[in-house]
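The values are calculated or read from the model by the stated rules, or taken from the named source; none is laboratory data. The structure presented is a predicted model; accordingly, all values stated were derived computationally and were not measured. Cβ coordinates were reconstructed from backbone atoms using ideal geometry, including for glycine residues, and neighbour counts include every protein chain displayed. Surface accessibility is based on the protein's heavy atoms, side chains included, excluding ligands, DNA and RNA. Shrake-Rupley method; radii C 1.70, N 1.55, O 1.52, S 1.80 Å.
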Amino acid sequence: MVFLGSLSLGLQIKTMTGLITQRDRFNFSEGQLLSGLSNYEWVGETGYWQHHFDRMAERGKEFVWYLGIHQGKLIYSSSSSLSAYGLLKILLRYAPQAQRHATKPQWRLLQQKAQRRELSEVELWQYVQQEKLLSIEEIDRAIKLKILNDLDSYVTLGSGWAEFISVPNLGQKILSSGHNAADILSLSTQRRQLWKQLTQDVPSLKLIPRLGSGGWEKTSFNQAQRDKIESIIQKQVSLNQIAQNMAKDSLEIAQMFAKLVRAGAVELKAPQSSRPTILTVDDSPIILSQFDRLLTNLGYDCVPCQHATQAIKSIKQYHPAAIFLDINMPVISGFDLVKKIRSQPEFADIPIVILTGEQKLSNKWRAQWSGCEFLNKPASSEEYKSFQGVLQELIPRILKNATATGAEISPT
């Protein structure tokens, strides 16, 4: 890694992988990664945008997201630089034609050779063309879906920094005409809106679908499609695994199951986990992202819920060990939501922590009267650091107390 903060404009540094210039680096805050990429002049450039995320650094993990471009077009996306093995993973994940039973031995052989580094990128493409395993159009489509799905994931990872590394021969290693960067980034923005619309019905791709009590008549699926969906559900795997098994776009799978959930034909359940699950209810995506980071660092599975109206549904899906919720939310306030939760016997003993940015004594009294803990949200980076220490002490205590009173809590 090269630190550029003290470099003058236009100064260049040679590295093992390419050339870095100060103009080819930018920092991004929460939700601003797409804006940073959109502001870049793509024409004529070949190399990688390397993205580093603060969240990963906080966890002590070395992680980089590589976004490959050739002459201004997007050609690659992965958590590692371009290789034959990385390209094979993209094709097997996003090209349905690569799932054909007749060609599986050939793909398996290619994977083995790539893992042993006995296969170059050029040799991979030569073999794919010679054996007619995939067309150029199918390869282009797989790479496009990989880029879009990675953008779906990485634009939600929070703040960080990115730098462009020039790799002049990168375009020679991939058999794709590439995709216009502006078009892809525009599509990514549209997909973010679609994901937000799906959140209420499909809050996570980690959920496992199960057959509901009915509702198929409310869908447009015919009997053959219904039989296929039911056979998929019987495998009891997550939506994410279903998308992988079918070599489908994750968004397409989420949209299909959202229709089934709304109709009542399918229910989504959380997979069993050895780590306690914490549900966080807040209408602010930034607060949800911060809590996800804090709770994951402390060893908990965090489930975000941006719509208070969906909180009860999320509780049924995930069976959280504890719930953190904001006071001031649209439609249903935090205290009204507490009443709804406590009115259902199966949720009555779940520990609830009230969160607020308003330091009012009346809120604290109401929280205590409701049998809830009370915490003020951190208002600065200094408070944010001390807040993690508060959570580190608070959560084990309330889980222990809940266990003592008979609440069912996952073991740590």
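So here's what we get for this one:
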{"quantity": "Among the candidates S188, S231, S213, S250, residue that is at pLDDT 90 or above, hydroxyl-bearing (S, T, Y) and out of contact with any helix residue (DSSP H, G or I) (no Cβ under 8 Å at 6 or more places or on another chain)", "calculated": "S231"}
{"quantity": "Extreme residue, most open to solvent (accessible area, probe 1.4 Å), among residues of segment 163-185 that are part of a helix (DSSP H, G or I) and out of contact with any helix residue (DSSP H, G or I) (no Cβ under 9 Å at 6 or more places or on another chain)", "calculated": "D183"}
{"quantity": "Test: residue in segment 193-213 that is under 23 Å from the mean Cα position of the chain (by Cα), over 24 Å from P271 (Cα atoms), open to solvent by less than 60 Å² (accessible area, probe 1.4 Å) and free of Cβ contacts under 8 Å to residues at least 24 places away in the same chain", "calculated": "no"}
{"quantity": "Enumerated helices (runs of 4 or more DSSP H) restricted to segment 96-156, each holding at least 1 residues that are over 18 Å from L175 (Cβ atoms)", "calculated": "104-115, 136-154"}
{"quantity": "Tally of residues being open to solvent by less than 30 Å² (accessible area, probe 1.4 Å) and either under 19 Å from A402 (Cβ atoms) or in contact with a Phe, Trp or Tyr (Cβ under 8 Å, 6 or more places away or on another chain) (or both) across segment 319-346", "calculated": "10"}
{"quantity": "Selection count where residues are in contact with a Ser or Thr (Cβ under 7 Å, 6 or more places away or on another chain) and assigned to a loop (DSSP other than H, G, I, E, B), scope segment 235-268", "calculated": "2"}
{"quantity": "Restricting segment 269-307 to residues that are among the acidic types (D, E) and part of a loop (DSSP other than H, G, I, E, B), the residue that is modelled with the highest pLDDT", "calculated": "D282"}
{"quantity": "Residue in segment 132-140 that is in contact with a helix residue (DSSP H, G or I) (Cβ under 6 Å, 6 or more places away or on another chain), closer than 21 Å to N245 by Cα, touching a residue at least 40 places away in the same chain (Cβ under 8 Å) and open to solvent by less than 90 Å² (accessible area, probe 1.4 Å) present", "calculated": "yes"}
{"quantity": "Candidates I395, I352, I332, filtered to the one that is modelled with pLDDT of 80 or more and either at positive phi or out of contact with any strand residue (DSSP E or B) (no Cβ under 7 Å at 6 or more places or on another chain) (or both)", "calculated": "I332"}
